[in-house]
Every structure is written in C-alpha cells, then in structure tokens.
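The next block holds one structure in the form of structure tokens; read it before the comments.
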Amino acid sequence: MSQLNVADIRNIVLCGHGSAGKTTLADTLLFKTGAVSHQGSVDNGNSICDFDDEEKHHKYSIESTVVHFESNGKQFNLIDAPGYPDFIGQSIGALRAVDTAAIVINAQSGIEVNTRRCFEEAGKAGVGRMIVINKLDAENINFPALIDSIKEVWGNACVPFNVPLGSGHDFRGVASCLDLEGDTTGALLDPAEINEALIESIVEVDEVAMEKYFEGIKPEAEERDRLIDEAMLAGTLIPIVCCSSKTGVGLPELLDAFAHCALPPNVVKRNGKKNGDDVELKADPSAPLAAQVFKTRIDPFVQKISYIRIYSGSLKSGDTVPASGARKGIKINQLFRVQANETKSIDSAGPGEIVAVTKTEELHTGSSLGEIELPRIPFPRPMVGLAVTPKSRGDEAKLSGALHKVVEEDPTFHLDRDQQTKELVMTGMSELHLQILQERLKRRDKVEVNTKEPKIPYRETIQANADDSYRHKKQSGGRGQFGEVHIRMFPFPADTDPAEFCSSDRFPQMKEYHHDPDINFLWVNSVVGGTIPSNFLPAVQKGFYERMTRGVIAGYQVVNVGVEVHFGKYHDVDSSEAAFKTAGSMVFRNCFQKARPSLLEPVVKIDITVPSEKLGDINSDLSGRRGRVLGTDSASGGMMTVSAEVPLSEVTTYARSLSSMTGGQGSYTLEFSHYDVVPGNVQKEITDKAVLHEEDED
Ligand SMILES: Nc1nc2c(ncn2[C@@H]2O[C@H](COP(=O)(O)OP(=O)(O)OP(=O)(O)O)[C@@H](O)[C@H]2O)c(=O)[nH]1
Ligand SMILES: [Mg+2]
C-alpha cells in the first residue's frame, strides 16, 4: 500500500489467556491474506509469530510479536501477545500501540484468569474491545452457556456479532447477527433473536439514531459504521466473533468484523503533554509528531530494535527528532516495517502506523518522540527476586552485560544490587518469568547462572517520633574531623501532602523542606543560627540517604520517614563534608532505632481460578499464608475465581502448591497491591537473619 489513509488502518492486539489460539490465529491470518508464503504452526515449531528459540521449545509465546497484512482494503497491524500472566507486561506495552484489543477465548475453557486481566487492562488503556471465541471446532462446547457467562462477567455490552453453525467436527461456518441472511441451519443461538440486542447496543450511543430505530428505521450501512465506532469507543458495544483458527472456519468473517468494528487510529482519543499542558493528539500527518516506543528487543543480528507507534504527525528516514530523556535530537537513520522477526526499510510513516528503528541507544521503552510527552506506560511492578551469580568464575562482566540487555528489553524485569550481601538480584514477575530469562541468557549471551532463594523487597520504616544527636569527632594527628547534627525524626505516611504537612505550626523554625517522592522522604531544614553551615547541609543529607539505602534494622530501603534537622556544631578547621556526612548517617541510624522501627512487606492481589470443588482447600491454604479473601466469583466451566490479598513472601512459589492442590487445573495472576506492616513475630525472624555490615565507628 503506497499512501496509507489513516481511516484504513486497524491496529489490533490479540490478547487473553494462554493457549487460547492467539498465535495460531495470527499465523493463519498472515497466510490466508497472502502476507506470508507458508502456514506457520506453533505445534510444528515453524510459527511466524513464535519465532524465538525459547518460544519454539516451550510451544507458547513469551514476547509480543508485530505483524501486518492487508485485507478488505484495510492495512492491519496485528500484535500477538503472550497469554501467560507472567508475561502480562508484553500485553500492556502492546495496548499502547493499538486501538483495539481482541480478547481471544478458548471456547472449551471459557473465561480464564488472564482473560479477565487483559479485558481490564484494555479498558484502562481506553481502546476498543472485541471478543474472539476460538477453537469452536473442539468437542463438548456449550456455546449458549459460554455467552451467558461472558455477559455475566462483563455485562450486556458483549453481544455476538456472529454465531457458530454446528459445533465440534461439524463447525462449518458462522451466521451474522447484523445482516440476517443466508442459511442459518444448525446455528447454536438464533441470530434473529440477537439482532435486536446488537443493533440496540450500536444505536445506544446516539439519541437521534436511537429514536429513529424505535420508530422502525434502522441505520444505513455508512451511518452504522460511524455508530459502531462510537459504540466501540464508549464501550457500549463489545462484539463477540466466533472462529476456529485451526480449521479456518469463521476467519473471513473475523476479518470483516475487524474491518468494521476495530477502531481506526483517528477515532481513539489520546492526550499528551507539551510544556506541562495537556494536548489532544490529532491523527493528522501534518500535525506535530507524537510517537512512543512501546517495545524494545535485542536481536542477535541487528542489535537493538525500538518499536514505535506514531499517534500524530509523520516520521521520515533521516529525520532528527526530539526524544524524551535524550539531550539532543536523535537521528532516525532508517525506518522499518516489521513482520515478526523480519524488517523492511521504508522511507516514511504517518499517524496510526507501527514502525521500528534500530541501534538508537537513547530510545527506551516508554520514550516519547517529538515535542509531546506521552503518558508513562503502566507496566506492573515485578516482585519475585533471585540472587544471581555466573556459573563460571570470570563471567561477571559478561553476566552483567547480558542482564542489562534484559533490563532494556523487559520493563517487568529489574536488576539491583543487594545492600546486605552485595549480590546481584534480578526481579521479575514470577519464577517462570525468571526461568525463561535465564534460558535466554544461556542461548543468546552464552552465560549460565546459579540462583539463590527468592528475595522479598521489604522496606524499613518507623512508627513513633524520636530525637537524637550525634557528634563525629576524630583527632588522628594533622587535621581532625568534626561535625555534630541534631535531628527530630517522625513517621511520614504515604500519600501525605508535604506542603500541607510542613506548616509553620508544626515546624516554627523551618527554612525550607524537600520531599523525595520515590522513597517518600521528607527533609526539613530548621537549623538555627548557622549552627550547621549551609554548605555542609548537603553532606548531612547525603549521610541520611546512604543510611536509608543501606537500611537500619534488616538491610532494606527506608521509606515514609521525615527528619527535621534543627541544630548542630561545627569547627572552623576540622569540619568537612566527610565529617558531616558520617554524623548524618550515624544520627539517622541511632534515632531510627529509637523510633519504633518496623518492617513493611509487599502485599499482592492474587486471583486464583480453580475447579469449584477445590474452593475450600484454596481458602484454607490462603489463610495459612496470612491471606485475606476479598471475594469469590464464578468463572465458566465449573470454575471459581477467588480474589485475595496475601503477603508476597507467602506466595513466591505458589505455582507449585496450586498445581499440587488442583492436579494442575488451577491458574492465578499476581499484581502488586501495597506495602503493609509485618507482624512482630515475622519481623523478628527477618531481622534475626539479616547480616548487617557495619563499617562505621560508634
Ligand atoms: N482445536 C483447535 N486447536 C487450536 C486452535 N487454535 C489453536 N489451537 C491449538 O492450541 C494450542 C495453543 O495454540 P497457540 O496458538 O499457541 O495459543 P496462544 O493463545 O498463542 O498461547 P500463548 O502463546 O501461550 O498465549 C496449539 O496446540 C494449537 O494448535 C483451534 O482453533 N482449534
Ligand atoms: Mg501465543
């Protein structure tokens, strides 16, 4: 296609639970539309979309894959996302690139945990939603019950756009519920009965159209397409389409439904910020450039690939454009269009398009291109940590390089150094996530690792006020060291407004305050009469920070603390930055120990889907793990979903326990919820185990 009309572009992510057939669907659509010359297959290890060695080996998707094809006069960009909840970050990134989410459901197993999660994430991303019921060629499918459960879980906006004709072996086609035509013998629900509900959910967004409809006038085709766009955008229409990606039945109709219902890029409303002000993005090639990197991949051959969605304006090969985080403009040497792992050079691209650039070091996942800053991509916070060392001594630098590549590629993977043990700790979404990444290190970077038990990112804080002072004094010949710092320490709860908190009533001598939102630390300077000269205050603050990073009682980051520095002493000759830094660090430690120190632990929200007869076992197991059940919901196929809050430390190896409790029939998703105070007995266990490296003198 030479000149792309933005209204003819359809960007769709295929997301949902594992094994629903998303990759098979993408592979088949590519082949049927002639975009590729062979029918890829996950089972045969020659899938176009699951091209990574790890994906071929495990026979499931690990990364999202971008492909494109043409059909019905439309240019489709499809992103095949992995269905394992461990890789949810891939779906969340992909949702930034698309205008519609097609949530694929396995007709046999119905709504599963990650189906729900993807549905919710798509809602948060503000894109249109469609539901694809796949695997209708499989046996023992109760289609009417499946539709009922979909409506029960997500509401009446979910309406079949078409229904299957025959099921299992006899699944031979689909009948449209919009245009009632053709032979509907064997339909699993009567299209004529659904027609009214479908049209109502389409006209519902427009009062005039609605009135006309109740007078008996149905919207004309063109008007209907406009209304469908509006209804999809408003979420009053969530069309359900039926198919089998294996046999190909229902796929022409699926493409037709995509062409009509999936939102074009110029319909979805998006905002960015320019110089702090909100700006609405216009899908216009001549508007200012607004584009965002939604994914990064390190390819063994072409190195770093940044995948970019253009929302507004155009990009040309050779352009130099501003980018967030880069001090100068960045040069786009060559633009590419991507087909799975293949790239093809293109000269330019406009709004709504998905392109890639290579070897651009300043671009990272989430970076904005152009003057307009796009919102942050809400990747989930990884929670499962493992200390990692190379198997062969001498491979430290190689390992660190390889892990930094993964950090660049995967926003749900973090790398830190443990403050206590000085070990490298990798943190991911789950054990499986970290295991797959280790496989990648072995294959791609030829480095094998040893890992140690999961690390929990505890935090340290205080529960009471305290005050203290510390004099650092050393005289060892020549010039001495002298610094004295007096502080008051107090809890500073999360979500406290620092401006409101720092009133003159509370701090009558306050000169200034500074709030660090990352660790919710409040620093108040009330030093009287220059007793600590202002040029030494940054050193005192540095001492505090060093101590907060190192932890006081168990070696974890200190958070939610406020300190008022109000008095001190100095010496004309012997005072130095180093002396005040040490005094700052020591007074912080001593004062913290007096202020009822406590540990905070991460609590996660867990959704567990199990056969209903296992519910009792799951609940009692959860209470043994200090869990709190929030609710229970019925899922399809005799399954129930339990939602609960539970300390992360209790579920780091939940996959194994759930599998043994349910004979492999359970699944779950984890999401960070909040930090909570650790009960006294558990705190004691952790602090007793902690080995603190004290280098300071007392
Ligand atoms: N009977 C039947 N099997 C299918 C169909 N589509 C896919 N499968 C099979 O289901 C299995 C999983 O298919 P995939 O396409 O890998 O599923 P997926 O949704 O991409 O799975 P994840 O990548 O883990 O999220 C494979 O063995 C496919 O052959 C279908 O329409 N009917
Ligand atoms: Mg897949």
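Details
- Scanning the stretch 83-102 for residues that are more than 11 Å from ligand 1 (Cβ to nearest atom) and more than 12 Å from the chain's Cα centre (by Cα) yields 97, 98, 99, 100, 101, 102.
- Being touching a residue at least 12 places away in the same chain (Cβ under 8 Å), within 20 Å of residue 254 (Cα to Cα) and not polar (S, T, N, Q) is a description that does not apply to residue 97.
- Residues in the stretch 7-21 that are within 16 Å of ligand 1 (Cβ to nearest atom) and outside any loop (DSSP other than H, G, I, E, B) were compared, and the one that is farthest from residue 118 (Cα to Cα) is 12.
- Yes/no for residue 489 being of a type outside the set (Gly, Ala, Ser), open to solvent by 40 Å² or more (accessible area, probe 1.4 Å) and within 25 Å of residue 583 (Cα to Cα): no
- Members of the stretch 56-81 that are within 12 Å of ligand 2 (Cβ to nearest atom), part of a loop (DSSP other than H, G, I, E, B) and of a type outside the set (D, E, K, R): 60, 61, 62, 64, 81
- Taking the stretch 585-695 as the region of interest, the strands (runs of 3 or more DSSP E) fully inside it that hold 2 or more residues being open to solvent by 50 Å² or more (accessible area, probe 1.4 Å) are 628-634, 667-677.
- The residue that is farthest from ligand 2 (Cβ to nearest atom), counting only those in the stretch 29-55 that are in a helix (DSSP H, G or I) and within 28 Å of the chain's Cα centre (by Cα), is 53.
- Going through (1) among the aliphatic types (A, V, I, L, M); (2) modelled with pLDDT of 95 or more; (3) more than 21 Å from residue 4 (Cα to Cα) one by one, residue 308 falls short only on (3).
- Residue 4 within 13 Å of ligand 1 (Cβ to nearest atom), more than 27 Å from residue 437 (Cβ to Cβ) and not hydroxyl-bearing (Ser, Thr, Tyr): no
- Residue ID - nearest to residue 482 (Cα to Cα), chosen from residues in the stretch 527-578 that are among the aromatic types (Phe, Trp, Tyr) and assigned to a helix (DSSP H, G or I): 536
- Residue that is least open to solvent (accessible area, probe 1.4 Å) [pool: residues in the stretch 309-352 that are among the basic types (Lys, Arg) and in contact (Cβ under 8 Å) with a residue 40 or more places away in the chain]: 309
- Here residue 604 meets the list (1) more than 28 Å from residue 482 (Cα to Cα); (2) modelled with pLDDT of 95 or more almost entirely, failing just condition (2).
- Counting only strands (runs of 3 or more DSSP E) that fall entirely inside the stretch 186-287 and contain at least 3 residues that are buried (at least 18 other Cβ atoms within 10 Å of the Cβ), the qualifying elements are 238-242.
- Hits in the stretch 22-49 (condition: near ligand 1 (Cβ under 7 Å from one of its atoms) and surrounded by 24 or more Cβ atoms within 10 Å (Cβ to Cβ)): 22, 23, 24, 25
- Checking residue 103 against (1) within 13 Å of ligand 2 (Cβ to nearest atom); (2) surrounded by 24 or more Cβ atoms within 10 Å (Cβ to Cβ), the condition it does not meet: (1)
- Residue within the stretch 511-519 that is of a type in the set (A, V, I, L, M), surrounded by 14 or more Cβ atoms within 10 Å (Cβ to Cβ) and touching a strand residue (DSSP E or B) at 6+ places or on another chain (Cβ under 6 Å) present: no
- Evaluation of residue 355 against the conditions (1) outside any loop (DSSP other than H, G, I, E, B); (2) loosely packed, with under 14 Cβ neighbours inside 10 Å shows that the sole unmet condition is (2).
- Inter-residue pairs, beta-carbon under 6 Å, first charged (D, E, K, R) and in the stretch 12-31, second more than 10 Å from ligand 2 (Cβ to nearest atom) and outside any helix (DSSP H, G or I), 6+ apart: 27/40; 27/48
- Conditions (1) within 26 Å of residue 381 (Cβ to Cβ); (2) open to solvent by 30 Å² or more (accessible area, probe 1.4 Å); (3) part of a strand (DSSP E or B); (4) not aliphatic (A, V, I, L, M): number failed by residue 461: (2)
- Any hit, the stretch 4-18, residues being polar (S, T, N, Q), open to solvent by 10 Å² or more (accessible area, probe 1.4 Å) and within 11 Å of ligand 2 (Cβ to nearest atom): no
- Restricting the first member to the stretch 400-412 and to residues that are within 10 Å of residue 297 (Cβ to Cβ), and the second to residues that are open to solvent by less than 10 Å² (accessible area, probe 1.4 Å), the beta-carbon pairs closer than 6 Å and six or more apart or on different chains are 408/296; 409/296.
The values are calculated or read from the model by the stated rules, or taken from the named source; none is laboratory data. From a predicted model like this one, the values you see are computed outputs, not experimental measurements. Neighbour counts run over all protein chains shown; Cβ positions are idealised from the backbone, glycine included. Protein only, heavy atoms only, side chains kept; ligands, DNA and RNA dropped before computing areas. Shrake-Rupley method; radii C 1.70, N 1.55, O 1.52, S 1.80 Å.
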